[in-house]
Amino acid sequence: MLWKKTWRELRENKAAYLACITIIAIGLMLFVSMSVIYEGLSNAKNKFYSDYRFADGFAVVRGLSETQVARLASVEGVDRLEGRMVKDVRVFAPEREENIYLRLVSIRPEQATRLNDAMLLGGAMPAAGSHGILVDPAFLEANNLQPGDTIHVIIAGNQVELSVAGAAFSPEFVYALRNPMDIYPDPLTFGVAYLPLETMQILFGEETLNDIVFTLSAGYTYEDVEGRLKPRLETFGLESIYARKDQFSEVMLAQELQGVQSMVASVPLLFLIVAATILYILFKRMVEQQRGQIGILKALGYSSREILLHYLSYALIIGALGGLLGSLLGFWLSFPLMTVYEEFFNLPGLTGRFSFGYLVISLLFSTGFAGLAGYFGSKEVLKLQPSEAMRPPAPPVAKKTLLEGWHGYWDNLTVQGKMATRNAFRNPGRSFFTLIGVMFAFSLIATTGYFLSITDLLILDQFTKVQTHDVKVVFAAPLDSRDARLELSRLPGVNRFEAYLEVPAIIKQGWYEKDTIVLGLEPNSEMYNLLTKRGVKVPLPPEGLVLSQKLAGNLHAGVGSRLEIESPYAKENPVYAEVVDIVPQHLGTNAYMEINALGRLLGQGHISTAALLAVEEGAYPYLKDRYREAKGVFSVEEKGAMLNKFNELLESYSFTYWILALFGMFTGFAVIYNSGVVSLSERRRELASLRVMGMTPAEVLQVLSFEQWFVSLFGMLAGVPMTMLFLQVMASAMDNDLFSFPVVFELQPFIIGAVGTTVSIWLTQKVIFRKIRRLSMVEALKERD
Amino acid sequence: MSNVILEGKKISKWYIMGEVRVDALKKVTFEIYQGEFIVVLGPSGSGKSTLLNIIGGMDQVSEGELFYLGSPLHGAEESVVTRYRRNAVGFIFQFYNLMPNLTAFENVQLATEIATDPLPAADILAEVGLADRAGHFPAQLSGGEQQRVAVARAVAKNPELLLCDEPTGALDLKTGIQILKLLRDFNIKYKKTVMVITHNASIADMADRVFSLKDGELVSVRVIDNPKSPEEVSW
């Protein structure tokens, strides 16, 4: 029979409980969808890596012959070793504004299997010696190409026609970036293509191989083998040798997986904690309200345990419904979310799915949280003696509130305002519930709002304040900056020239080491600015390294630390440099040095790898045209185009944030609606009495709404520090090498939070107004509870 | 009148209100026999309700002893007292105290479900004359009807002891008499003890014995040799 009571009560107060169910469901939906994505990504990755023999180690060399490669294959600890040719080429596409690049990777079609093998998705493996290529499907799709089409590329200054034989991707380029300075893969301008080795050797006029990949024999670590290979490879001009864990695509994938995992751990928890808190307070109030009924049940002979179980049943039903709804929505959401990941990761078998395991886990989670909330919310009153339970609780002691002494405020209030002010103070439990609700709602909306605004801000800052050049000319090989200046600064439309040096390096301090890029900038650079947190320009010291905060953290380095640097650009390795400053950097993890000091440190004099230019409008097409087929120039990039590209990609990436923001707002509304409706039902008698006295529904609403606004104001204020706390938690969970989310006080998200909260309160009051109008005075006054 | 079912020895009950101790019962001693009809009389604040709560296992004594069929209830474990309430006692309150979201029939079932030897809920509801109102919710019933549901709910558990706190207090004379008649019928038909608390002295005429309370003390116990029938009572 108690079950009937439960069901009927749930039905009667469905709005309030539905709001709780919704919050739980949102939390679990995020948990389930992110879990499914995590599992899907890592399973797909592991399967792809093992099925297509992803290498354990990689090395880049200047050149070695096939016989030398064969000899290396017999080194102890190496299971299989292959030499390849890897070259970046430009695609000839005069009709296109932007530069398009292909990374050509040699394959041997005659072999049955290969390391980092290409998974053929369509078309056929090109015949040995042919000009056929396999191209990654993202590139094909983005550029509207199909097997059978041709692509013209520039090799050594000549135009070469390659025909697309098929579509394929390999574990090596799951996350395909042209260089680590890019943030998002852009299949429109960069792709990977596999070309038969013989053809490639003929086209480039080179016999030698420049890229080594290898797997390890069982029982050997990468470090064992690196130690044996390194000295042998050095004679062939070793540029870099690194393990799978440092391979760029793998790094990105691992980071993304880690990010998803920390999202799984943090975001749903946030929602569940909010839901549990709301449920807890809801139950505390319900039990308080049902004192009399509890007393009767006790008088009838129901034991405390049975009554507790009865109230727990509400919690468990709410938890179970929320969990069920949440996980089903989560499975459903995993499909569209996975397509977002498909856009960034070339991984076969990425799809959302249903998982019975996660259904069970989320049910356990939701019922567990709800059960705890229900238990702690209802256990108090059960201790009461039945006779005590049947007496209404002693009315709260009436005394004047502090505000009444504040005449400027008090004397200007209407009677409704006075009632509301006193109510807010005399019912601390209820006010607290509203306060907590508004605080959570505000913080959720503001937190998600922060992430929306900060990503835009980060990118915008990077391109309007940090990198202020108009055009970047990237050289095919390092050039003497004096020659480059001579060539470029005399061109029409070029207003300013700055040399720019990107040096790939491994920086070490004691046990800590980090693969990064050291940027060499001109002493008074105006086109690449280092900024403080507040956006003030930091001058570049004439000597020594400037580290980004993140890099300094990774290396456990501070100002004055002496760091060891290993770089393929250095005449002799390693070299040493002292840290002279540390600056914040939100996009990427770099080190900076004055360009001439860096050149001296490397023993290379005045080298530069690119030029930053400030140009007049219209100069870019001329520059692009001028260097279209030049051997010494790798690319001419316009910043505006890059910014557009980023913005476009950002839009698809921010999908997740929008979803979060939407849920934040929805949860906020649910919390406020819940507190409003419960407040109303608790005070039906009181409000009906006011109606009986002749107040209009609007006047009655004033009493409630004044109180709600009054308390909400404090709730929103309390939401500000709460938001900062949420942000700290989220930022540390989402931190990675590419992005670091700065937690700074920004006004915009708080405005979003305040607007969202205000709209929620306003909507809630609309509903309450309707309820007050329908309130039956006779019924409400007759009722005894 | 031989079987003692309930025995109270020097029962005291006090409440601490801030720094003041309020004595609700002062060393009250009594015996209650099987099958008798007792009326407890007294002005408000005399300790009637406190006595009923203690007898009904709704509250604990501050001092003294209480035995049900020889077993102590004072200082007994919560589970013992709950079992006592569940199986031995039926309560009827002045304001009916039905579960608002259960129908009349379901309210009775609420009690029969947990009792060990209940009477059929439908029969009892018919006996109080509400067979045709079984599916109605409390809000759809008149006060008298609600109180009859409350009586049915208490009786259906088939308790040894029926405790009634001002059962007619909120009703008019005619309806009140109907309720008293139901109580008397139960008392005679099932040979169960009924204890009615009231400040209405005329109801005392239908009792076998009348306890009078004043200021927390049991001032007199009056035996009535020829109790009136409920119909003869008036106020």
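Quick note: the coordinates plus some simple rules give every number you see, no bench work behind them. Quantities reported herein were computed from a predicted structural model and do not represent experimental measurements. Note that each Cβ is placed from the backbone with ideal geometry, even for glycine, and that neighbours are counted across all protein chains shown.
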Once you order the gyration tensor axes a ≥ b ≥ c over the Cα atoms, which shape class does the range B:1-127 get: rounded for a/c under 1.5, otherwise prolate or oblate by comparing a/b with b/c?
prolate
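Given a Förster radius of 35 Å and the C-beta distance between A:Asn495 and A:Glu342 as r, what FRET efficiency does 1/(1 + (r/R0)^6) yield to the nearest 0.05?
Working: r = 43 Å, r/R0 = 1.23.
About 0.20, to the nearest 0.05.
Using the beta-carbon distance between A:His556 and A:Arg600 and R0 = 22 Å, what value does 1/(1 + (r/R0)^6) give for FRET efficiency, to the nearest 0.05?
Numbers: r = 27 Å, r/R0 = 1.21.
The value I calculate is 0.25.
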Taking each residue of A:290-300 in turn, how many C-beta atoms of other protein chains fall within 10 Å of its C-beta, and what is the average?
6
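Taking other Cβ within 10 Å of each residue's Cβ, how do A:Glu502, A:Glu161 sort, fewest first? Mind showing how you got there, number by number?
On the way: A:Glu502 19, A:Glu161 10.
Ordered by Cβ neighbours within 10 Å, fewest first: A:Glu161, A:Glu502.
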With Cα coordinates, the longest principal axis of chain B makes an angle with the long axis of helix B:143-156, in degrees rounded to 10, of 70
Ratio Rg/Rh [Cα only; Rh per Kirkwood] for the range A:58-248:
0.97
With the crude spin-label approximation of a point 7 Å out along Cα→Cβ, what separation in nm comes out for A:Asn46 versus A:Phe714?
5.2
Quick one: go through the range A:608-648 and flag any residue whose amide nitrogen is under 20 Å from the point 7 Å out along the Cα-to-Cβ line of A:Thr464.
A:614-615, A:617, A:638-648
Summing Lys, Arg as +1 and Asp, Glu as -1, what charge do residues with Cβ under 12 Å from the Cβ of A:Lys472 carry, A:Lys472 excluded?
-3
Quick one: if you stick a label point 7 Å off each Cα along the C-beta vector at A:Glu616 and A:Phe356, how many nm between them?
7.4
Using +1 at the C-beta of Lys and Arg and -1 at the C-beta of Asp and Glu, which of B:Thr116, B:Ser44, A:Gln261 has the Cα lying farthest in the positive direction of the dipole of the protein assembly as shown?
B:Ser44
Spin-label pair A:Phe92/A:Ile273, simplified geometry with 7 Å Cα→Cβ offset, distance in nm
6.1
What do you get for the angle between helix B:78-88 and the principal long axis of chain B? Use alpha-carbon atoms, 0 to 90 degrees, nearest ten.
50
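Looking only at the protein assembly as shown, where both bridge partners belong to it, what percent of the DSSP beta bridges are antiparallel (to the nearest 5)?
Numbers: 96 of 134 bridges.
Restricted to the protein assembly as shown, the bridges split so that about 70 percent are antiparallel.
Cβ under 12 Å from A:Asn210's Cβ, A:Asn210 left aside: what net charge do those residues give with Lys, Arg +1 and Asp, Glu -1? Kindly include the intermediate steps, with their values, before the conclusion.
Details: positive: A:Arg62, A:Arg84, A:Lys87; negative: A:Asp88, A:Glu206, A:Glu207, A:Asp211, A:Glu239.
It works out to a net charge of -2.
Return the FRET efficiency for the residue pair B:Arg21, A:Leu372: r is the Cβ-Cβ distance, R0 is 41 Å, and the value is rounded to the nearest 0.05.
On the way: r = 39 Å, r/R0 = 0.95.
Between B:Arg21 and A:Leu372 the formula returns 0.55.
With charges set only on the Cβ (+1 for Lys and Arg, -1 for Asp and Glu), what does the dipole of chain A come to about its Cα centre, in debye to the nearest 20?
On the way: 71 positive and 79 negative charges, 1064 e Å.
Dipole of chain A, to the nearest 20 debye: 5100 debye.
Once you've got the Cα coordinates, tell me which of A:Lys87/A:Lys631; A:Lys230/A:Lys550; A:Lys14/A:Lys771 are over 18 Å apart. Display every interim value, and only then the final one.
On the way: A:Lys87/A:Lys631 14 Å; A:Lys230/A:Lys550 30 Å; A:Lys14/A:Lys771 14 Å.
Result: A:Lys230/A:Lys550 exceed 18 Å.
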What translational diffusion coefficient, to the nearest whole µm²/s, does the range B:4-232 have by Stokes-Einstein, given a Kirkwood radius computed over alpha-carbon pairs, a temperature of 20 °C and 1.002 mPa s viscosity?
120
Hydrophobic long helices for chain A, i.e. whole DSSP H runs reaching 20 angstrom or more by Cα along the axis with Kyte-Doolittle mean at least 0.5, come out as A:14-51, A:248-289, A:304-344, A:356-382, A:428-461, A:655-682, A:697-734, A:747-774
Give me the net charge of B:Lys13's neighbourhood, meaning all other residues with Cβ under 9 Å from the Cβ of B:Lys13; Lys, Arg count +1, Asp, Glu -1.
-2
Once you keep just the Cα pairs under 8 angstrom separated by 6 or more residues, what percentage relative contact order results for the range B:1-123?
22
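Ranking request for peptides A:479-486, A:603-610: highest mean number of other beta-carbon atoms within 10 Å first, then the rest in descending order.
On the way: A:479-486: 17.1, A:603-610: 19.4.
Going from most to least packed, we get A:603-610, A:479-486.
Quick one: dipole size for the range A:451-553, taken about the Cα centre, charges +1 on Lys/Arg Cβ and -1 on Asp/Glu Cβ, in debye to the nearest 20.
300
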Stokes-Einstein D for the range A:467-645 at 4 °C, 1.567 mPa s, Kirkwood Rh over Cα pairs, in µm²/s?
77
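Relative contact order (percent) for the range A:285-367, with alpha-carbon contacts under 8 angstrom and 6 or more residues of separation?
Working: 48 pairs, mean separation 29.0, N = 83.
About 35 percent, as a whole number.
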Suppose we keep just the alpha-carbon trace of chain A; what are its Rg and Dmax in angstrom?
33.1, 103
Given Cα pairs under 8 Å that are at least 6 residues apart, what percent is the relative contact order of chain A?
17
Among the listed pairs B:Lys48/B:Lys181; B:Lys27/B:Lys189; A:Lys537/A:Lys639, which are separated by more than 25 Å between their Cα atoms?
B:Lys27/B:Lys189
Divide by every residue of chain A the summed helix terms, -39500 (n - 2.57) for each DSSP H run of at least 4, and state the resulting mean residue ellipticity at 222 nm, rounded to the nearest 500 deg cm²/dmol.
-17500 deg cm²/dmol
Which listed pairs, of A:Lys418/B:Lys13; B:Lys174/B:Lys214; A:Lys379/B:Lys26, have C-alpha distances above 31 Å, in listed order:
A:Lys418/B:Lys13; A:Lys379/B:Lys26
Can you tell which of A:Ser567, A:Gly603, A:Ser130 lies farthest toward the positive end of the dipole of the protein assembly as shown, using +1 and -1 charges on the Cβ of basic and acidic side chains (Lys, Arg; Asp, Glu)?
A:Ser567
I'd like the distance between the alpha-carbon centres of the range A:534-564 and the range B:37-95, rounded to an integer number of Å.
80
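Note down the magnitude of the dipole of the range B:4-232 about its Cα centre, charges +1 on Lys and Arg C-beta and -1 on Asp and Glu C-beta and zero elsewhere, to the nearest 20 debye. Numbers along the way, then the final one.
Values: 24 positive and 29 negative charges, 32 e Å.
That gives a dipole near 160 debye.
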Dipole of the range B:104-216, positive end: most advanced residue of B:Ser142, B:Val210, B:Thr168 [Cβ charges, Cα centre]
B:Val210
Calculate log10 I(q)/I(0) of the range A:6-114 for q = 0.12, 0.13, 0.14, 0.18 Å⁻¹, where I(q) comes from the Debye formula with a single equal point scatterer on each Cα and nothing for solvent.
-0.75, -0.81, -0.87, -1.07
